[in-house]
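A.B. asks: Below: one structure in structure tokens.
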Amino acid sequence: MQIYLVGGAIRDALLGWDTNTDLDFIVTGIAEQELAQHPDFSQINPKFPVFVHTKTGTELALARKEIKEGAGYHQFSFITQNVTLEQDCQRRDLTVNALYLPVDSSLDTFPPTLTAEQIRAQKDKVLDPTGRGIKDLEQGRLELISAQFWQDPLRFLRALRFYFTKPGQWQISPQILEAKKHLASDDYLSLFQGQSKIRKELEKIIQQGQTIPFLTLLSQIDMVGALDLPSPLTIGFNLAPADKIPVRQSFYYLCHSFCFMSFARAYNTSSSWEHLVAFWRSPEFFASLFFNQLGKSEIRNLQALLTSSVQLSQFQAQYFS
């Protein structure tokens with residue numbers, strides 16, 4: 001049995017970034033049933049080969065091969081028996097995220113404590129099963145591991161989000177920018193469905209301050225419709241009554257701002273609220289990825305805010321006079 005640190009923590013450490021990237025661990029050489037019987041581990045979902053260390057909350061996943069059985073990122077079955085690192089890495093997104101560091105051979109001492117400095121000190125022990133990860137890291141290239149990248153549409157969002165973590169740091173693979181061509185139709189449409197993991201990725205993009213560059217790129221590669229923003233771009237973030245929205249820069253406030261521009265422009269047309277919502281849900285709307293992550297109560301609140309006569313008069317006076 002061997003436990004490995006894998007992914008982002010190794011990548012960031014080797015780049016010299018002392019970030020707070022979560023430590024991700026996998027284990028080889030142990031059966032799922034054996035790990036399930038260990039008193040310190042509990043399986044998160046019986047259909048998913050990931051366990052949590054009950055004393056610390058640290059996750060430990062079995063190395064696995066994934067078999068796609070439907071659209072989206074949930075529709076996979078798994079093989080965990082006798083899986084090698086070369087096989088495990090095929091389910092990952094980018095070569096720079098498929099680096100492994102052996103850290104332990106016992107479940108009883110899990111999880112190990114590792115700092116970025118300690119990871120860097122063990123650089124010569126890092127395993128690179130794709131044969132390209134270290135080189136791509138040194139050259140600042142974001143490259144796909146294999147065509148399996150397209151089996152999980154969430155990998156596409158994660159790759160773009162990572163691309164925008166350090167603007168100018170990375171060269172992105174042309175294949176990633178051809179997502180519309182490579183994603184199956186059902187997988188492409190699954191990106192426009194409410195899913196907690198998609199919202200989490202989009203929230204990270206907002207936190208990074210890269211929302212407009214992200215939407216611009218999505219529009220350029222024909223994933224969503226053309227951007228329809230006033231100038232300057234900050235206009236949408238200063239609409240009354242902003243004091244009724246708890247966090248001004250929140251995910252919800254961003255959707256409110258983008259949708260308000262569309263709503264105000266349609267104010268003098270026969271467009272119904274239902275017609276507008278259908279448009280905002282479709283890929284034709286540039287911010288549809290964001291809008292589709294709103295819950296029912298958030299959409300009801302959005303309707304109440306957007307129909308405010310105060311907002312409409314303010315917007316029309318400023319931009320349509």
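Each value in this text was obtained by applying a stated rule to the coordinates, not by laboratory testing. The shown structure was predicted, so the numbers you read here are calculated from the model rather than taken from an experiment. For neighbour counting, all protein chains shown are included, and Cβ atoms are generated from backbone atoms with ideal geometry for every residue, glycine included.
A.B. asks: Once amide H atoms are built 1.01 Å from N in the peptide plane, which residues 5 or more positions from Phe41, or in another chain, come under 5 Å H to H?
C.D. replies: Amide H neighbours of Phe41, under 5 Å, 5+ apart: Thr54.
A.B. asks: Using the Karplus curve 6.51 cos²θ - 1.76 cosθ + 1.60 with θ = phi - 60°, work out ³J(HN,Hα) for each residue of region 202-214 in order, rounded to whole Hz, and write x for Gly and Pro.
C.D. replies: With coefficients 6.51, -1.76 and 1.60, one gets 5, 5, 5, 5, 4, 4, 7, x, 10, 4, 5, x, 5 Hz.
A.B. asks: While we're looking at this one, here's another question. If you wrap a convex hull around the alpha carbons of region 62-214, what volume per residue comes out, as a whole number of Å³?
C.D. replies: On the way: hull volume 22.6 nm³, N = 153.
Spread over its residues, the Cα hull of region 62-214 gives 148 Å³ apiece.
A.B. asks: With charges set only on the Cβ (+1 for Lys and Arg, -1 for Asp and Glu), what does the dipole of region 1-103 come to about its Cα centre, in debye to the nearest 20? Don't skip to the end; give the middle numbers.
C.D. replies: Details: 8 positive and 13 negative charges, 41 e Å.
Computed charge dipole of region 1-103: roughly 200 debye.
A.B. asks: If I take every Cα pair under 8 Å that is 6 or more residues apart in region 86-146, average their sequence separation and divide by the length, what percent do I get for the relative contact order?
C.D. replies: On the way: 57 pairs, mean separation 34.1, N = 61.
Normalised by residue count, the contact order of region 86-146 is 56 percent.
A.B. asks: Sort 172-178, 282-288 by packing, meaning the average of other beta carbons within 10 Å per residue, with the highest value first.
C.D. replies: On the way: 172-178: 15.7, 282-288: 19.1.
Order by mean packing, descending: 282-288, 172-178.
A.B. asks: Could you tell me the distance between the Cα centroids of region 108-149 and region 37-107, to the nearest Å?
C.D. replies: The two parts, judged by their Cα centres, are 16 Å apart.
A.B. asks: Through the Karplus equation 6.51 cos²θ - 1.76 cosθ + 1.60, θ set to phi - 60°, convert the phi angles of region 166-177 into ³J(HN,Hα) values in whole Hz; use x for Gly and Pro.
C.D. replies: 10, x, x, 6, 10, 9, 9, 4, x, 4, 5, 6
A.B. asks: Next question. Relative contact order for region 2-147 using alpha-carbon pairs under 8 Å, separation at least 6, rounded to a whole percent?
C.D. replies: 28 percent
A.B. asks: A further question follows. What residue among Gln175, Leu157, Gln139 has its Cα farthest toward the positive end of the dipole of region 138-183, where the charges are +1 on Lys, Arg and -1 on Asp, Glu, each on the Cβ?
C.D. replies: Leu157
A.B. asks: For Val224, enumerate residues with amide H under 5 Å from its amide H, sequence gap 5+ or separate chain, H modeled in the peptide plane.
C.D. replies: Residues meeting the amide H criterion: Ser219.
A.B. asks: Now, a different point. Dividing the alpha-carbon radius of gyration of region 2-147 by 2.2 N^0.38 Å (N being the number of residues), what value is obtained? Don't jump to the answer; show the numbers that get you there.
C.D. replies: Numbers: Rg = 15.2 Å, N = 146, 2.2 N^0.38 = 14.6 Å.
The reported ratio for this selection is 1.04.
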